[in-house]
Amino acid sequence: MTLFPEVPDDNATAQLIAQAVAGEQQAYAELYEQFASGVYRLCYSLLLNTHDAEDVVQETFVYAFRNLARYDANKSAFKTWLYTIAVSRCRNLYRRQRMLTLDISQLLHANLAAPKQETPEAVFTQRSVQEALRDALAKLSPTLREAVVLRYGHGLAYREIAEVMNCPQKTAESRVRLAHKQLHHLLLPLGQGLLEELLQF
Amino acid sequence: MNWDCHYTRTRLHGYLNRELPVQERRLVGQHLDNCPQCQAFYQRQRLLSRDLERELPRFGMPQPYQLQQVWANVQAQLALGALPNSAPMPSRWWYSVAVVVLMLFLALPVVSGRSRAHMLPPLPPSPMLQYKTATPTALKPPVQVALFSQTAAVQRAVTSAKLYNTPVPLPSQP
Ligand SMILES: [Zn+2]
């Protein structure tokens with residue numbers, strides 16, 4: 001995969017974990033520095049909300065550092081272990097988020113006038129690629145979002161996705177495939193031009 | 001859509017990610033070369049895959065100040081959490097010691113009172129024994145002495161026990 005700025009060396013990570021378990025404070029800081037960005041991206045991609053993402057990143061590292069002695073490098077990569085913790089905490093928020101979204105949309109319908117008449121194309125051309133992705137991700141079910149984000153956003157293998165999502169590997173594969181298919185339908189009507197534009201970066 | 005198109009499209013995702021067995025990969029590749037509809041569909045899928053691979057890793061990239069703020073919170077929470085993790089053992093240990101000490105001090109008046117009473121010179125014979133051998137009139141003085149001396153012994157014991165109790169740095173008993 002291409003752009004994963006926070007992929008650390010496994011041996012260096014193992015050494016840092018050993019130092020942290022031995023009580024070296026600096027090792028905790030370095031572990032955070034290496035993995036926080038990835039955990040944040042994951043949480044934000046799943047929750048699509050800055051505040052919630054920050055909360056979950058915080059919870060994830062507090063839990064992970066308190067239980068660092070229990071981490072077994074033979075069972076999973078440290079990143080996968082962190083992601084498993086983060087995803088389980090994101091799942092706790094999906095339901096609350098859905099209720100909040102419902103409240104807000106009801107509020108909007110109650111207080112706002114009818115939407116302006118704009119063609120979808122006109123709206124779309126003004127928005128950035130990242131916003132388009134955000135909207136598309138928001139339309140996926142949380143399960144499919146997890147699958148596609150772990151696969152394409154973090155370059156995890158299906159085996160690792162299955163571990164993080166706590167499901168069989170075949171299920172992880174079919175979820176990635178289904179998410180891809182749905183994103184195809186969600187993004188394509190917005191314009192073939194967008195996809196081509198993306199490739200210009 | 002004929003069977004070949006269906007076969008190809010159900011495997012396109014695997015084909016894109018190079019996850020198909022060699023034989024299936026060859027069949028899909030051959031069909032794509034010969035079917036413009038599937039070829040167009042494949043190109044769109046390929047575009048989307050490349051799009052996702054390129055865009056999703058930069059999606060939701062945090063600002064440095066966000067991660068710094070979260071790190072400050074993590075540190076604060078871990079420092080707070082360190083107290084209950086390390087404190088309970090010593091504090092429970094001290095509580096149990098305090099309880100034992102308290103029980104010892106509570107028991108002290110009784111224990112010391114008894115032992116001192118035993119260490120006193122023997123009391124005069126009890127009234128019941130006296131009753132058998134002596135006349136009723138002769139009972140009075142020894143009974144009075146016995147009662148008096150017993151009270152005095154207990155009083156001395158209690159006074160001395162109080163001396164032991166004075167330095168206890170614990171809250172007063174209810
Ligand atoms: Zn075809």
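Quick notes
- Enumeration of residues in segment B:29-71 that are among the acidic types (Asp, Glu) and within 16 Å of the ligand (Cβ to nearest atom): B:ASP33
- Qualifying residue in segment A:40-52 (condition: among the charged types (D, E, K, R) and within 14 Å of chain B (Cβ to nearest Cβ)): yes
- Count of residues meeting criterion [within 7 Å of chain A (Cβ to nearest Cβ), surrounded by 17 or more Cβ atoms within 10 Å (Cβ to Cβ) and not hydrophobic (A, V, I, L, M, F, W, C)] in segment B:15-48: 1
- Residue in segment A:43-64 that is without any contact (Cβ under 8 Å) to a residue 60 or more places away in the chain and farther than 24 Å from B:GLN63 by Cβ present: no
- Inter-residue pairs, beta-carbon under 9 Å, first closer than 15 Å to A:SER174 by Cα and in segment B:1-20, second within 10 Å of the ligand (Cβ to nearest atom) and open to solvent by 70 Å² or more (accessible area, probe 1.4 Å), 6+ apart: B:ARG9/B:MET1
- Checking each residue in segment B:3-26 for being out of contact with any helix residue (DSSP H, G or I) (no Cβ under 6 Å at 6 or more places or on another chain), within 12 Å of the ligand (Cβ to nearest atom) and at pLDDT 90 or above picks out B:TRP3, B:HIS6, B:TYR7, B:ARG9.
The values are calculated or read from the model by the stated rules, or taken from the named source; none is laboratory data. Bear in mind that the values here come from a model prediction, so they are computed numbers and not experimental data. Every residue, glycine among them, receives a Cβ derived from its backbone with ideal geometry; neighbour counts consider all protein chains shown. Heads up: the accessible areas ignore ligands, DNA and RNA and are worked out on the full protein's heavy atoms, side chains in. Shrake-Rupley method; radii C 1.70, N 1.55, O 1.52, S 1.80 Å.
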